[in-house]
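Scroll down for the structure; my scribbles are underneath it.
The values are calculated or read from the model by the stated rules, or taken from the named source; none is laboratory data. All values reported here derive from a predicted model rather than from experimental measurement. So basically every Cβ, Gly included, is an ideal-geometry build from the backbone, and we count neighbours across all protein chains shown.
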Amino acid sequence: MEKELALLIVIINNGYGEEAINLLKEEGAMGATIINGSGAVKPEAKKLYGIEINPEKEILLVVVSKDILDNLMTSIYEKLGSTTLAQGVAFSLPVNYATSNLYKQFNKDDKAVK
């Protein structure tokens, strides 16, 4: 039976990508892809959330086993969330289909196959 996988998407302020990858690896992720992006929000968002909105973002895409997803989300929230300078938000999507070489990276212990 193939592992159930999820795509974890983390959006953080520019400059915090490496810190986020290190955190994710500490929690069991194998790595991530960072994409540079720009945020666009209405001026009312600052009032609503009480935070300064930084338009320059880093978007991390991380495929993980669903077994470690809760721990990853908790760590991101606590260490890179809205109360930090990273101002991170995260969400996940199920991975319904993937190429076999992606599934081969996961063994029954959620470790990378070397």
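Considering region 3-18 alone, what residues qualify as being in contact with a helix residue (DSSP H, G or I) (Cβ under 9 Å, 6 or more places away or on another chain) and surrounded by fewer than 16 Cβ atoms within 10 Å (Cβ to Cβ)? Across region 3-18, the qualifying residue is only Glu4.
Taking region 88-114 as the range and being modelled with pLDDT of 80 or more, assigned to a loop (DSSP other than H, G, I, E, B) and in contact with a helix residue (DSSP H, G or I) (Cβ under 8 Å, 6 or more places away or on another chain) as the test, only Gly88 passes.
What about Leu7, is it of a type in the set (A, V, I, L, M) and modelled with pLDDT of 95 or more?
On the way: of a type in the set (A, V, I, L, M): yes; modelled with pLDDT of 95 or more: yes.
So Leu7 fits the description; yes.
Could you go through region 65-75 and let me know if any residue there is at pLDDT 90 or above, over 21 Å from Leu7 (Cα atoms) and surrounded by 15 or more Cβ atoms within 10 Å (Cβ to Cβ). Looking through region 65-75, none of the residues is at pLDDT 90 or above, over 21 Å from Leu7 (Cα atoms) and surrounded by 15 or more Cβ atoms within 10 Å (Cβ to Cβ). Taking first residues from region 90-103 that are farther than 21 Å from Ile21 by Cα and partners that are surrounded by 14 or more Cβ atoms within 10 Å (Cβ to Cβ), the Cβ contacts under 8 Å between residues at least 6 apart in sequence or on separate chains come to Ala98/Leu5; Ala98/Val63.
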